[in-house]
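**Q** Sharing a structure with you now.
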Amino acid sequence: MLLFLAALILFGIRAGQLVTLLTKARPEDRTDHINDRIGAFFKVVLGQSGVLRDPIPGIAHFFTFWGFILIQFGLLNLILGAFNGSLPFLGDNRIFAIILDIFVVLVTFSLIVFAIRRGIVRPRQLNSALHGPWDGFIILGLILLVILTLALVEGFEYAASNGAAWTPIGAFLHPLLGRASQQTNIIAYRSFWWLHMITVLGFLIYLPRSKHLHLMATPFNVFFRSYKPKGALPLIENLEEREDYGVSKVEQFTWKQLLDGYACTECGRCNTVCPALNTGKPLYPKEIILGAKEALFVRSGEILGKDSIYNKLGIAGIKADKTPAEKEAHHEPMIGGIISKEALWACTTCMACVEICPVSIEHVPKIVDMRRSLVMEESEFPQEVTSLFNNIERNGNPWEISNDKRAEWAAGLEIPLLAENPEAEVLYWVGCMGSFDRRNQQVATSVAKVLKAANVDFAILGPEETCTGDPARRIGNEYLWQMQAMQNIETLNGYGFNTKPETAKAEDASTENAEKTEAARAVEKLGTGTLTKHRTIITACPHCFNTIKNEYPQLGGDYEVIHHTVFIDNLMEAEKLKLTTGFDKRKLTYHDPCYVGRYNDSYDEPRRVLTVINDKGVTEMGRNRNKSFCCGGGGGRVWMEEKVGQRINQTRVNEALGTEAEVLAAGCPFCITMFEDGIKGVEAEEKMKVEDISEIIARAIEKPVTN
Amino acid sequence: MKMFVCIKQVPDPNTTVSKLDPNTKRLVRNGVSLVLDPGDESTISAAIKLRDKVGNSELVAVSMGPASAQEAMRRALAMGADRAILISDPALAGSDAGTTARVLAALLKKEGADVIFCSTESTDGYTGMVPGGIAEVMGIPQLTFAREINIEGQKAVIKRVIPKGYQTIESSLPAVITIASGSFEAIYPTMKGIMGAKRKPYSQVSLADLGLEASQVGEAGAREQVLSIGTAEARAAGQIIKDDGNAAQQIAEFLQRYQLL
Amino acid sequence: MANTIWVLVELEGGAPVRSSLEVLGKAARLGRAEAIVLGSGAAEVAPTLGEYGAEKVYVHADAAYDQYLTLPAVETVSKLFAEHQPTLLLLPTTYDLRDIAARLSMRNGMGLITDATDLTIGDDGLKVTVPWGGETVVTATLTQQRPGIVLTRPKAFSVEQYAGRTAEIENINTTISAESQTIRVIETVEVKSEGPALEDAAVVVSGGRGLGKAENFHYVEELAEILGGAPGATRAIVDAGWLPYSYQIGQTGKTVKPTLYIAAGISGAIQHLAGMKGSKYIIAINKDEHAPIFANADLGVIGDAVSILPQLSTEIKRRKA
């Protein structure tokens, strides 16, 4: 009894300490979408949907998870059994006993699978810098011990009770153990009972310090996952009045960001998909999460504060410094210490890590938070970025070009400025690349042709448009993003594009058709002239698209923004754009831009468009849809030099070349730039061309072929 | 140590073609975006580095210009200068480089400057005559094209760029030091810097404050006069030729025509 | 009345530098050219200056000038101004002469015009041509009757020969004060480089994928060397591994603003343009007539860089000879 109490108290202290640490972190509200949260809990936690995406370890984990839960009930039953009691319903239920024992066997097999994977297959992503190579085996060993002792308890119990305490394993083991005397059986039963108990209790105590903390933290992490748009980075409020910008100390993360660390199972799936890591950069997404956890443990004494019970008990330091060198390393700043700056700068914000994580860990916002500190507090960033910041601030575009020239690409194309046609139904947000970069001016021209062919009444902003601030925000310059965003919001609201002024909202509610997508509704209302207060913005730049759609609302700018590929798809669906099917005879592959696909879940629309237009449809690359491999240009990386490892763009181009397609279709100006450079880099200009979807469509419009 | 950096607000050299007003014969400043001279950003950065290295020193940004130059001064403060003084007076309009030097020197003398930093030249006027002029009026040495600066006691030791390499020279203080563009990476202001700049001391002084007469400055004090403003011989804009075997000759001729050989 | 134009002749390794001789030739065309030569080698150099147009040479062979020219030169020339009344002091824009001009003008209350590409002295006085910002040319003059200073742009004039002219030599009798010797040169290091650094080069020749293969990049290097410039590259060929990153010009590489930029086989993506758009003259050679680089070129050549570059190198060598 005392043993139980001691173990429970120790566990309580350890768990309490972890929870108290979270309360010291920054607040964050994660109680919205409560129904979805409960649903996700059932699906991801009880249904194990996250881990099951990777079938072999997934199924093994499924069994271990459920086996472990059942064993807890079995354990309670055993405890009560020692006092001659039993659990209601389950205690003497043979079905429960059968199920429990089936899981004991399944867990044993699962453990063998895990051990083979960890010991022989050794996928690189399982390495843990934080817990060392043994933590995983210790846990496997402990679970095995729990299972074995349980089996033996059952076996001897069966023998001792002469079959009264029937369990399948007991019955199975009985012939093997049967020769011993009744006395020996009872002693063996009691011994293994204790061993089983001690193992489980030991497990309980070991748990908070190991990767198996996830056992307790993951359900909460899944429950409290973000339901905000995936593409929206958190806003820094009161920028002008605060003392800190971003995260430099671990306690500046929010409690949910720290819970991520507790919940991490160290499975390393994030590492397997990271475009930076997979091309030799020093960014291990898993180590970012674990690094923050380690930093938290190292600083736990300081964070909990002198007055905390834990410090008074002298047990506040969760992770002690064993050597002077460790002490040195632990007391240097988190960024540049446990988490390297190179890792932070290597991130393309492609979101592949967040997408694949089975336990809803959010890596990207953390990385950006730390970049924010580097940029806004330390003015420390790759030197190439200085001119980007200065140019956006002074010229409203990333280059040393006067913003007055923003509409020059459209000269002679008869595209009105919004100032000339303020009632236009659609605003085409051209973006800096489309406006100034010659290659992407061709895309802008194609978009305009497509819109004209569909008789869309559209206009552009011209010099009134200015950089959305997306690259600045992702590099960590929140201040510059907010300045750009506020300027654009003022312009867009001035033309009445905001969807949330009271009048527009009321009008909107009446026409709302929940069955249809935003884009479908936008297309439907074209030419009707009824919804002038709720007008559509389209753009060919996924980065502009994402920040206007998902991030401008943080500053009061709510707009209906649609990526051009989705808009084109809907124009075709509504038959406003009629094209010759199978016009394009070339073999073609499609690259999902991160900010269209993973950020905004548009995977089908671009493919539908291409399938109509191309007689062979889309030849997929191995990594497609939500597994798409970044071009290397996101997160401001297009403005930075890539000096380490292989080029991300070349890696992706090689993958595209592997499909033997002649055309790499894209829907993002940065992808186009990165891939065209990549194709030159691998010297494959003769083999493959990069084309925006709008360019392919524009060609179909110009030269309709009738078969 | 009291360190000063002389800076200037100029039309953004990256987006504006600098123009002269044919009537006033002065630089057109209306309708163009005005920024802190990009060269000055490097100079300020060099000065901040030195101030921090020497310790116990103050860095003051000074400029002569219209009140609107305040924005450029704020940028200097955001980058890390401790305070800023703008000399602004309607009489100063149309001042030449010599007058600018005299006016700045008057302030620097009054403030008791030990080290004065200047860019080699401004990006709009590019005469490069102000730093030497200040040094002359103050009767102190000028150390030009510095790419490395050290203060050792009451001496300045700099590495200066010379056409065939570099030279290490030593001089007494006070001194004017000009910065070799490109040797110092411009500091990008931190948020703390940007917000703090609003609270740093900023003052504006007039000619009278410096004990100077209006008749000595501005157009009245200028020793140079613009006679006329014409249009440059239009460069054959975007001439495109097709190589028919003698492209090399045509390129060579182009080079010769514009004295590029 | 004849105008007297003074030229302060700079020495390097005991010989007059070319820029001084160029300006001396111009001075001789404007009127009576008189040279001032200061430094330990001055006495030897003085007699040779007649051939370049000088009618008189003031000489002060003192090693103090060899140390740090500015302050001693300003002192001596100021003394000369006190004794003589030349029309003008004409100086090429160099590191030291620029410093000297600034101090001289302040010390002696002289007017000063910089960056001149040409000047005339007629009945209506001095007229100096100063280009302004690419589109404008200013004609300026000095308002005072006293001598003034004009600094000229490098290479504005060419060296002229006045065969048989001998210059009258006058030794300046002066001692340099201690105040003018407050700057001490500790060491002078000559940096031997194979050419100018990319960022500082007045001429940049750079290559892109249009060169076809890595081996062809040497045509770029050859031309750069002949023009006394530096070779550069686009991101594409750096990415392709032809050259190290240090060659890369563009948004994520180096920014260059040379007088002359020759782009060979470069299409002109904005990422590249961002790094070289500030160049004064741009010549582009590319096979694709739609290449965006042509929109930025002063001279665009539609053709194969691989065949044109070597021809151009040969042609320039021929013309320079």
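**Q** In Å² (nearest 100), what accessible area is buried between A and C, both sides summed, heavy protein atoms only, 1.4 Å probe?
**A** Working: alone 30660 and 16810 Å², together 45620 Å².
The A and C chains share an interface burying roughly 1900 Å².
**Q** Within straight cross-link reach of residue B:25, meaning Cα distance under 17 Å, which lysines are found once same-chain residues fewer than 8 apart are removed?
**A** In chain and number order, the partners are C:127.
**Q** While we're here: Mind listing the long-range amide H neighbours of residue C:126? Cut-off is under 5 Å, sequence gap 5 or more, other chains count too, H placed in the peptide plane at 1.01 Å from N.
**A** C:142
**Q** Over both sides of the B-C contact, add up the buried accessible area with a 1.4 Å probe and give it to the nearest 100 Å². Can you show the working numbers first?
**A** Details: alone 14710 and 16810 Å², together 24980 Å².
By this definition, chains B and C bury close to 6500 Å².
**Q** Expressed as a rounded percentage, what relative contact order does chain B have, with Cα pairs under 8 Å and six or more residues apart?
**A** On the way: 477 pairs, mean separation 60.7, N = 261.
Computed over chain B, the figure is 23 percent.
**Q** Between residue C:12 and residue A:164, what is the spin-label point distance in nm, taking each point 7 Å from the Cα along the Cα→C-beta axis?
**A** 11.0
**Q** Using Cβ-Cβ distances only, list the Cys residues of chain A with no partner cysteine under 4.7 Å, sorted by number.
**A** So far as the 4.7 Å Cβ criterion goes, A:264, A:267, A:274, A:347, A:357, A:432, A:467 stand without a partner in chain A.
**Q** Let me ask you something else. Sort A:51-58, A:117-124, C:289-296 by the packing proxy (mean of other Cβ within 10 Å over each peptide's residues), most packed first. Write out the running numbers ahead of the final one.
**A** Numbers: A:51-58: 15.0, A:117-124: 12.4, C:289-296: 18.1.
Descending packing order for the listed peptides: C:289-296, A:51-58, A:117-124.
**Q** What's the average, rounded to a whole number, of partner chain beta-carbon atoms within 10 Å of each residue's beta-carbon in C:306-316? Could the numbers behind the result be given before it?
**A** Numbers: counts 0, 4, 7, 2, 1, 8, 7, 1, 2, 9, 6.
Taking all residues of C:306-316 together, the mean is 4.
**Q** State the answer as a single residue: which of C:264, B:156, A:431 lies farthest towards the positive end of the charge dipole of the protein assembly as shown, with beta carbon charges of +1 for Lys and Arg and -1 for Asp and Glu, about the Cα centre.
**A** So the residue furthest toward the plus end is A:431.
**Q** Need one number: buried accessible surface between chains B and A, 1.4 Å probe, both sides summed, DNA, RNA and ligands left out, in Å² to 100.
**A** Working: alone 14710 and 30660 Å², together 43760 Å².
When B and A are taken together, about 1600 Å² of accessible area is lost.
**Q** What net charge do the residues around residue B:250 carry, taking every other residue with its C-beta under 11 Å from that of residue B:250, with Lys and Arg at +1 and Asp and Glu at -1? Can you show the working numbers first?
**A** Numbers: positive: B:242, B:257; negative: B:243, B:244, B:253, C:315.
Summing Lys/Arg as +1 and Asp/Glu as -1 gives -2.
**Q** Calculate what fraction, in whole %, of the accessible area of chain A sits on carbon and sulfur atoms when a 1.4 Å probe is rolled over the protein chains. Don't skip to the answer; put the middle values down first.
**A** Values: 17120 of 29030 Å².
With neighbouring chains kept in place, the figure for chain A is 59 percent.
**Q** Follow-up question, since we're still on this one. Over 25 Å between C-alpha atoms is what I'm after, so list which of B:8/B:200; A:249/A:286; A:525/A:578; A:256/A:286; B:192/C:257 land there.
**A** Exceeds cut-off: B:192/C:257.
**Q** Now a separate question. From Cα pairs below 8 angstrom and at least 6 apart in sequence, can you work out the relative contact order of chain A, rounded to a whole percent?
**A** On the way: 1068 pairs, mean separation 82.3, N = 707.
Across chain A, relative contact order equals 12 percent.
**Q** Then there's this: Given a cut-off of under 8 Å on Cα pairs at least six residues apart, what relative contact order in percent is computed for the range A:151-195? The partial results should precede the final answer.
**A** Values: 54 pairs, mean separation 21.8, N = 45.
Relative contact order for the range A:151-195 comes out at 48 percent.
**Q** If each of residue B:203 and residue A:619 carries a label point 7 Å out from its Cα toward its Cβ, how far apart are those two points in nm?
**A** 7.6
**Q** Sticking with this one: Rounded to the nearest whole Å², what accessible area per residue is found for the protein assembly as shown with the 1.4 Å probe?
**A** 41
**Q** Between residue A:172 and residue A:626, what FRET efficiency follows from the Cβ-Cβ distance if R0 is 51 Å, with the result rounded to 0.05?
**A** 0.70
**Q** Another question, if that's okay. Run the numbers on the range C:270-298: which residues show a drop of 50 Å² or more in accessible area, chain on its own versus all protein chains together, using a 1.4 Å probe over heavy atoms?
**A** Relative to the lone chain, where solvent access is computed with a 1.4 Å probe, the range C:270-298 loses at least 50 Å² at C:270, C:277, C:281, C:298.
**Q** Separate question: Applying a 10 Å radius around every beta-carbon, put B:5-15, B:162-172, A:410-420, C:246-256 in order of their mean neighbour count, most first.
**A** Working: B:5-15: 23.8, B:162-172: 16.5, A:410-420: 14.3, C:246-256: 22.2.
Ranking, from highest mean packing down: B:5-15, C:246-256, B:162-172, A:410-420.
**Q** Hey, what angle do you get for helix B:38-54 against the long axis of chain B, alpha-carbon based, 0 to 90 degrees rounded to 10?
**A** 30
**Q** Of the beta bridges DSSP finds with both residues in chain B, what % are antiparallel, to the nearest 5? Write out the running numbers ahead of the final one.
**A** On the way: 18 of 43 bridges.
The answer is about 40 percent antiparallel.
**Q** Please report the antiparallel percentage of the DSSP beta bridges confined to the range C:68-198, to the nearest 5. It would help to have the intermediate numbers written out before the result.
**A** Working: 10 of 18 bridges.
Percent antiparallel among DSSP bridges in the range C:68-198 is about 55.
**Q** Are there any residues in the range B:160-182 with a reduction of at least 40 Å² in accessible surface when going from the isolated chain to the assembly of protein chains? Probe 1.4 Å, please list them by number.
**A** Buried-area filter returns B:160, B:164, B:166, B:167, B:168, B:169, B:170.
**Q** Let me ask another. Measure out, as a whole number of angstrom, how far apart the alpha-carbon centroids of the range A:138-182 and the range A:203-242 sit.
**A** If we compute the Cα centre of each part, the gap is 41 Å.
**Q** Something else about it: Give me a single rounded figure for A:681-688: the average over its residues of other chain Cβ atoms within 10 Å of their Cβ. Don't jump to the answer; show the numbers that get you there.
**A** Working: counts 9, 3, 9, 0, 2, 0, 0, 0.
Across the residues of A:681-688, the mean count of other-chain Cβ atoms within 10 Å is 3.
**Q** Measure off, as a whole percent, the carbon and sulfur share of the 1.4 Å-probe accessible area of chain C, all protein chains present. Show your work: numbers first, answer last.
**A** Details: 6010 of 12590 Å².
Carbon plus sulfur share of accessible area: 48 percent.
**Q** Using R₀ = 41 Å, calculate the FRET efficiency as 1/(1 + (r/R₀)^6) where r is the Cβ-Cβ separation of residue A:646 and residue C:199; round to 0.05. Could the numbers behind the result be given before it?
**A** Working: r = 28 Å, r/R0 = 0.69.
E between residue A:646 and residue C:199, to the nearest 0.05, is 0.90.
**Q** Same structure again: Any idea what angle helix B:97-111 forms with the longest principal axis of chain B, computed on alpha-carbon atoms, 0 to 90 degrees, nearest 10?
**A** 20
**Q** Now for a separate question. Please work out whether chain C counts as rounded, prolate or oblate from its C-alpha gyration tensor, where a ≥ b ≥ c are the square roots of the eigenvalues and a/c under 1.5 means rounded, while otherwise a/b larger than b/c means prolate and anything else oblate?
**A** Because a/c hits 1.5 or more and a/b exceeds b/c, chain C counts as prolate.
**Q** If you count, for every residue in A:393-402, the Cβ atoms of partner chains within 10 Å of its Cβ, what is the mean?
**A** Numbers: counts 1, 6, 4, 1, 1, 4, 8, 9, 6, 7.
Neighbouring Cβ atoms belonging to other protein chains average 5 per residue here.
**Q** Between residue B:242 and residue C:44, what FRET efficiency comes out of the Förster formula 1/(1 + (r/R0)^6) with R0 = 51 Å and r the beta carbon distance, rounded to 0.05? Kindly include the intermediate steps, with their values, before the conclusion.
**A** Numbers: r = 54 Å, r/R0 = 1.07.
Efficiency at R0 = 51 Å is approximately 0.40.
**Q** Just the number, please: percent antiparallel of the DSSP beta bridges in the protein assembly as shown, rounded to the nearest 5.
**A** Details: 43 of 140 bridges.
That works out to approximately 30 percent antiparallel.
The values are calculated or read from the model by the stated rules, or taken from the named source; none is laboratory data. Just so it is clear, the structure is predicted and the values come from calculations on it, not from any experiment. So basically every Cβ, Gly included, is an ideal-geometry build from the backbone, and we count neighbours across all protein chains shown. Quick note on the areas: whole protein, heavy atoms, side chains included, nothing else; ligands and nucleic acids left out. Shrake-Rupley method; radii C 1.70, N 1.55, O 1.52, S 1.80 Å.
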